[in-house]
Amino acid sequence: MILDQLKTLVEMQKLDNKIGGYRILQEELPKQLSDIIEREVQATADLLAVETERAELNKKQRDLEGDIKEFVEKEKKYSGQLADIKTYKEYKAINSEIAYVKEKISELESQQLELMDQEGEIKERIAIARKELDDAEAAKREREGELRKKIESLDEEIEKTRAQRNSIAASLPTQIIKQYGNMIRLKNNMAVATSKDGSCSACGVVLRPQIRIELQLFKRIIPCENCGRILVDSSIDDVIKANSAASEDS
Ligand SMILES: [Zn+2]
């Protein structure tokens, strides 16, 4: 009975849609997995980069500290010499050394303040980078295992669904199975289209009135004249229900 065949074809299409969904996941899930892994790698590298920056800054700070100490020592030495000077000329020379050293110290101290500002800013960036790494690690812990498991199970799910489809297909004439299989392969995984409001749900072409009437009778398998997909009138579920009600009554 053609109605049963069409019903089977609709069921087969549902299973092929499921397989199509799994195929999309087969592309999507490995991408999600590599995003998760990549995020952690990136966060680790970013944190290392700011920590290196901070280490370099701290080195500059230590160098500066050393320079300041040196100048402070010099200042002490010159100040000590002031007590022993004999001439005004000497006094003037040492005083100008002291002035130079003091100026140098204040210059270095203002550099020190600048570096402290920079360090404060780097500390904030380190906190942000560390938080991002924590989040990336948590996301990986949470999702990696589940994603890998899902990816591994997809082949099996596809195989299972395909077997299910093939087992219901067994009730159909070989010619129809062939036609269905070709459409699935050639027409973007869609072999069965619905005739709804007078057009093909797959390609959108407006169906001839004669075809529309025939489709509602469910007396033969009718392909879309435009895309070649097998057309099923959208009233099929209601017709099946009505038929089974009628057979129960009899
Ligand atoms: Zn069509």
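The values are calculated or read from the model by the stated rules, or taken from the named source; none is laboratory data. Bear in mind the structure is a predicted one, so any value in this text is a computation, not a measurement. We place every Cβ from the backbone using ideal geometry, glycine too, and count neighbours over all the protein chains shown.
For E124, the stated conditions do not hold, so it cannot be described as within 30 Å of Q42 (Cα to Cα) and touching a residue at least 60 places away in the same chain (Cβ under 8 Å).
The criterion of being closer than 30 Å to Y22 by Cβ, surrounded by 13 or more Cβ atoms within 10 Å (Cβ to Cβ) and touching a residue at least 12 places away in the same chain (Cβ under 8 Å) holds for E137. Residues being within 30 Å of D233 (Cβ to Cβ), modelled with pLDDT of 95 or more and surrounded by fewer than 12 Cβ atoms within 10 Å (Cβ to Cβ) are represented in region 20-34 by at least one member.
Within region 59-80, identify whether any single residue is among the small types (G, A, S), at pLDDT 95 or above and more than 30 Å from L215 (Cβ to Cβ), and answer yes or no. Within region 59-80, one or more residues are among the small types (G, A, S), at pLDDT 95 or above and more than 30 Å from L215 (Cβ to Cβ). Hey, does region 128-135 have a residue that's among the β-branched types (V, I, T) and in a helix (DSSP H, G or I)? Yes, some residue in region 128-135 is among the β-branched types (V, I, T) and in a helix (DSSP H, G or I).
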